[in-house]
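Asks: Below is one structure. I have some questions about it.
The values are calculated or read from the model by the stated rules, or taken from the named source; none is laboratory data. Since the structure is predicted, the reported quantities are computational estimates derived from the model, not experimental observations. Here the Cβ is made from the backbone with ideal geometry for all residues, glycine too, and neighbour counts use every protein chain on show. Each accessible area value is taken on the protein alone, full model and side chains, heavy atoms only, with ligands, DNA and RNA left out. Shrake-Rupley method; radii C 1.70, N 1.55, O 1.52, S 1.80 Å.
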Number of protein chains: 2
Amino acid sequence: MTDLSNRIGAVNDVLNAVSLLTWDSRTMMPGGGAETRGQQIATLTRLARDILLSEETRTALKAAEAAAQPGYTAEGQQVIQTREAIEHHSRVPADLIEARAGLRTVAQSAWIEARSKSDFSIFAPHLEKTVELSRRYADAIGWEKHPYDALISLYEPGETVEGLQSLFATLKAGLKPILAAVQARPQPRTDFLTRDYPEEGQRAFGLKMAQKFGYDLTRGRLDTTVHPFEVSFTRNDVRITTRYRRDFLPASIFGTFHEAGHGMYEQNVDPAYTRTTLATDLIGLYAVGGTSFGAHESQSRLWENHVGRNRAFWRLNFAELQAQFPDKLADVTADEFYAAVTRIQPGFIRVEADELTYDFHIMLRVEIERRLIEGSLAVKDLPEVWNAAIKSDLGLTVPDDARGVLQDVHWSTGYFGSFPTYTVGNVMAAQLMDTLRREQPDIDIALADGDYASLAGWLRGKVWQHGRRFTRDDLLIRATGRALDPKPYLAYLTGKYA
Amino acid sequence: MTDLSNRIGAVNDVLNAVSLLTWDSRTMMPGGGAETRGQQIATLTRLARDILLSEETRTALKAAEAAAQPGYTAEGQQVIQTREAIEHHSRVPADLIEARAGLRTVAQSAWIEARSKSDFSIFAPHLEKTVELSRRYADAIGWEKHPYDALISLYEPGETVEGLQSLFATLKAGLKPILAAVQARPQPRTDFLTRDYPEEGQRAFGLKMAQKFGYDLTRGRLDTTVHPFEVSFTRNDVRITTRYRRDFLPASIFGTFHEAGHGMYEQNVDPAYTRTTLATDLIGLYAVGGTSFGAHESQSRLWENHVGRNRAFWRLNFAELQAQFPDKLADVTADEFYAAVTRIQPGFIRVEADELTYDFHIMLRVEIERRLIEGSLAVKDLPEVWNAAIKSDLGLTVPDDARGVLQDVHWSTGYFGSFPTYTVGNVMAAQLMDTLRREQPDIDIALADGDYASLAGWLRGKVWQHGRRFTRDDLLIRATGRALDPKPYLAYLTGKYA
């Protein structure tokens, strides 16, 4: 086992270096460094793959397989995950990887131009090629029921078209009446959200709360970026970023809570898993401790929405925020603030969507991806399909493609299959909270008192510490008694909004 | 050539990643990340060496050798340097590298304890082992006249004990009368250097001057560290750090000038040399464009001392500094400021030494290293030899070993052979300035007018752009007509201080 551990440890070290190169490029790097930084990231990613696929690793794997324990031991999982990753990468030909990388550069430029001109025809030919290569990629990876399953598995192993169609049917049916109920009510005041809020006070409040939740600054730090993210270089160094909008206070507050949720997941993976496959995505070639994108999103959404977008939270903590901005928030009550930050308003833009309409944006994208990959939808018909769905789901008329089908970067990068994980995260967060409430009926009283350690401790035991040892559904079954289930999520949204 | 270029490019990419991991650990990393960061750096350094020594690189080298041009072409140099590096690393056994790395960790802890208790006996046994391994290392590298030559060559290729002994004899003889002349004169006032200077104003002045010199912030940045340094990740991203002492203004000013000098060297290496051996130290496994440690130090010392510690510089720029600290510097003239920052005062501590006594500290250390490595001096006798030299060279009685033989980190890390490069840098800086003055008699008028572009342009043409294409002495012969020569340095110091 030692030898395989050393090999995997080296892969993890290299991938953590890639993560640092990326973090730095988004937070610290002077503009001139972009081109050579790109070469450095490409070289190190290729090296990580080379080490994984090398003869030495294969030999070490065979020795480890001979010595492996049966069942869910960490050592056994490392053997299984290494084998799977070697087989995965062996199935994907080098020329396809190169073709995808080459197309990505061109397609992203075209997408940027298309979006700025709101002209889908500029992007369409590149998207057609991207779909074609994604389909070839799916075939290389291998699939049984649906080619899109192969792409989904890159981000959410075990999830399938079949599973998502059932999930989405239930969600759509459940969400629509809640949305109708909310829209029948008058809107709360939100005028105070858009006053001028200096960055310093936003940062102080966000960081103070993140630390209260349990985000550990001795193994983390908070920086500023245009697009907030969380990234780790082992559990010992887990960094988050946020964006401060002086004219819209909620952006940094809930953004920081969100990234702190991601960060706590990584900071609390069992230390014994450091530099093993249980803290490394060997298929995605990414050093991460969370077991899937959806599971990760469940933790960020849980702290953002269940903890942060919560009336009791603001009754307890609004005075703290007021203390940062005494002249700006003097005329606002905690309940008014809560009402404003949970206001529901259908819109065109996914990343600005509220908690109730967000999943409609996701379901539309997933549906389109599935049909593109299976060949039942032509790229040229995308705007029409998109606009029709926004009309039927949210009652809105899309004014232009920039605010419609061209709004997300994802399709220009070729990352088909990642959209489902956003909704998976929402569903999983509610399912976990539902179980916790059954096990600890006083948890809401604890949270209302500012005791976040009880929640964090429960999540650590049920989710965080396990790293990538269990798949998402195995984790859920162990934690809640069942696989992914939308009922608690709909019950949560109904209770909160209907 | 292409294939060798790709292999060397990959080595350079990995070594640049190591440099970023190191920069981050000294500027940004939360404390908890230290242990796993150390593993990441070790893995990547080993990988860089593995790529260099791989069969693929050897095969590519043979093909490149067959196609190489004779003479000093960049391609030809890459072939020669790759061959030399492979031979170097092949001569050093893996168990010796491991033994040195293992000892380093233990010896550094012992040194920290020894220095804090000012008790040399705690460090002595570890230093004995370090000397022994350094001698084995020298033997593995190979040497002709003196084993210390092998260690010096790691930092200053081409330099030797013989060369240094001749250099130091001339320097000692020349420096002593200058020092005596200075000490016969009254000391200038320095009271204003130790007033309270907020960091912000120090940073603004230092950075403004560095940019005026030519340090390019679109390919660089300035951060804060305890021990200032410069590091690059290709010429497109060259970062410097400094330290702000509120109670001692010159520290950050001349520290920033010094690091900007290093930074401009790296920023101005020929772009065609990016990711080649001409911007990579394949023997030291460090991605650097400067051709030797001494040549690098010549550039930092040139901007720090020849440009910065210059009467005309302060007559031009003192008002700018006063503007940052109007209430602190109102009672000071430019000439008084110049006199204060060029005050000569022998002291115990190397890193605090003035321009005239600095080399005595270096010569003492080099003499001790040479004798330790050749076996003519026992570790136990170090304090006695040290204290006697400080008495005879500087007229001071060392009060304790913490302010004597234990003051530098170098010997605990096993980096024997790097001390000579500090004095080499001082000598080389003066030699370059001497030649420039002969070629451009108006250069001092230009500098006095704040025209730093003439100096920077000359250095770019003579030194910076060449990267590692020429050795230090080849570079000097091309630039000044002769190899390293202490006469201009002594003439400069005589003119400035005697």
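Asks: Given a 1.4 Å probe, show me the residues in the stretch A:232-255 buried by at least 10 Å² of accessible surface when comparing the whole protein assembly to the chain alone.
Replies: At a threshold of 10 Å² (probe 1.4 Å), the residues of the stretch A:232-255 that become less exposed are A:F233, A:T234, A:N236, A:D237, A:R239.
Asks: Per DSSP helix of 4 or more residues, -39500 (n - 2.57); summed, then divided by the residues of the protein assembly as shown. What does that give at 222 nm, rounded to the nearest 500?
Replies: -20000 deg cm²/dmol
Asks: Pulled fully out, how much extra length does the chain show between B:Y72 and B:H227, if you take 0.36 nm times their separation in residues and subtract their Cα-Cα distance?
Replies: Numbers: separation 155, 0.36 × 155 = 55.80 nm, distance 3.72 nm.
The span from B:Y72 to B:H227 would gain 52.1 nm if fully extended.
Asks: What FRET efficiency would be calculated for the residue pair A:R478, A:D400, taking the C-beta separation as r and a Förster radius of 45 Å, to the nearest 0.05?
Replies: 0.45
Asks: A further question follows. Pull up all non-local amide H partners of A:Y286: gap of 5 or more, or a different chain, and H-to-H distance under 5 Å with H placed in the peptide plane.
Replies: Counting only residues 5 or more places away or on other chains, the set is A:D281.
Asks: How high is the relative contact order of chain A, given as a whole-number percent (alpha carbon pairs under 8 Å, six or more residues apart)? Before the final figure, lay out the partial values.
Replies: On the way: 736 pairs, mean separation 101.7, N = 498.
20 percent.
Asks: Output wanted: per-residue J couplings in Hz (rounded whole) for the stretch B:402-407, from phi through Karplus 6.51 cos²θ - 1.76 cosθ + 1.60, θ = phi - 60°, x for Gly and Pro.
Replies: 4, 8, x, 5, 9, 6
Asks: From the label point of A:D331, set 7 Å along Cα to the beta carbon, how far off in nm is each other copy's matching point, shortest first?
Replies: Result for A:D331, in nm, nearest copy first: 5.3.
Asks: On to the next question. Can you give me the distance in nm between label points at B:R195 and B:K117, each placed 7 Å from the Cα along the Cα-to-Cβ direction?
Replies: 4.5 nm
Asks: Whole Å is fine, so just give me how far the alpha carbon centre of the stretch A:451-491 lies from that of the stretch A:388-437.
Replies: Taking the Cα centre of the stretch A:388-437 as reference, the centre of the stretch A:451-491 is 22 Å away.
Asks: Report Rg(Cα)/(2.2 N^0.38 Å) for chain A, keeping two decimals.
Replies: Here the Cα radius of gyration is 0.97 times the empirical estimate.
Asks: For the stretch B:282-381, what is the convex hull volume of the alpha-carbon atoms per residue, in Å³?
Replies: Output value, Cα hull per residue: 169 Å³.
Asks: Per residue of B:39-51, what is the mean number of Cβ atoms on other protein chains within 10 angstrom of that residue's Cβ?
Replies: 5
Asks: Nearest the rotation axis from A to B, which residue of chain A has its beta carbon, and at what whole-angstrom distance?
Replies: A:A17, 2
Asks: Within the set of other residues whose C-beta is less than 15 Å from the C-beta of A:V161, count the net charge using Lys and Arg as +1 and Asp and Glu as -1.
Replies: Net of charged neighbours comes to -3.
Asks: Further question on the same structure: For the stretch A:1-148, list log₁₀ I(q)/I(0) at each q in 0.11, 0.13, 0.20 Å⁻¹, using the Debye formula over Cα point scatterers of equal strength and ignoring solvent, two decimals each.
Replies: Reported log10 I(q)/I(0), two decimals: -0.61, -0.81, -1.24.
Asks: What distance in nm separates the simple spin-label points at A:A388 and A:I349, each placed 7 Å from Cα in the Cβ direction?
Replies: For A:A388 paired with A:I349, the spin-label model returns 2.8 nm.
Asks: Cα-based Rg (one decimal) and Dmax (whole number) for the protein assembly as shown, in Å?
Replies: When restricted to the Cα atoms of the protein assembly as shown, Rg and Dmax are 32.0, 95 Å.
Asks: Give the relative contact order (percent, whole number) for the stretch A:238-377; include only Cα pairs under 8 Å separated by 6+ residues.
Replies: Relative contact order for the stretch A:238-377 comes out at 16 percent.
Asks: Moving on. Let me check something: with ligands and nucleic acids excluded, how do A:D24, A:D474, A:D191 order by accessible area (1.4 Å probe), largest to smallest?
Replies: Heavy-atom accessible area, descending, gives A:D191, A:D474, A:D24.
Asks: How large, in percent, is the carbon and sulfur part of the accessible surface of the protein assembly as shown at a probe radius of 1.4 Å?
Replies: 52 percent
Asks: Got the A:S109 label distances to the other copies yet, label 7 Å along Cα→Cβ, in nm, shortest first?
Replies: 5.4
Asks: Got a sec? Which residues of the stretch A:190-229 lose 20 Å² or more of accessible surface with every protein chain in place, vs. that chain alone, 1.4 Å probe?
Replies: Buried on complex formation: A:T218, A:R221.
Asks: Where in the stretch A:476-498 is the amide nitrogen less than 18 Å from a point lying 7 Å along the Cα-to-Cβ axis of A:K145?
Replies: Under 18 Å, as judged by backbone N against the label point of A:K145, lie A:483-486 of the stretch A:476-498.
Asks: To continue, here is another question. Can you bin the stretch A:360-401 into rounded, prolate or oblate? Criterion: square roots of the alpha carbon gyration tensor eigenvalues sorted a ≥ b ≥ c, rounded for a/c under 1.5, prolate for a/b above b/c, oblate for the rest.
Replies: Verdict is oblate for the stretch A:360-401.
Asks: How far is the Cα center of the stretch A:306-366 from the Cα center of the stretch A:1-66, in Å?
Replies: Cα centroid of the stretch A:306-366 versus Cα centroid of the stretch A:1-66: 39 Å apart.
Asks: Report the accessible surface area buried between chains B and A, summing both sides, using a 1.4 Å probe on protein heavy atoms only, in Å² rounded to the nearest 100.
Replies: Protein heavy atoms only, the B-A interface buries about 2600 Å².
Asks: Taking the label point as lying 7 angstrom from Cα along the Cα-to-Cβ axis, what are the distances from B:K391 to the corresponding position in the remaining copies, in ascending order and in nanometres?
Replies: Copy-to-copy label distances for B:K391: 9.9 nm.
Asks: At 1.4 Å probe radius, can you tell me the per residue accessible area of the protein assembly as shown in Å²?
Replies: On the way: 38430 Å² over 996 residues.
Per-residue value: 39 Å².
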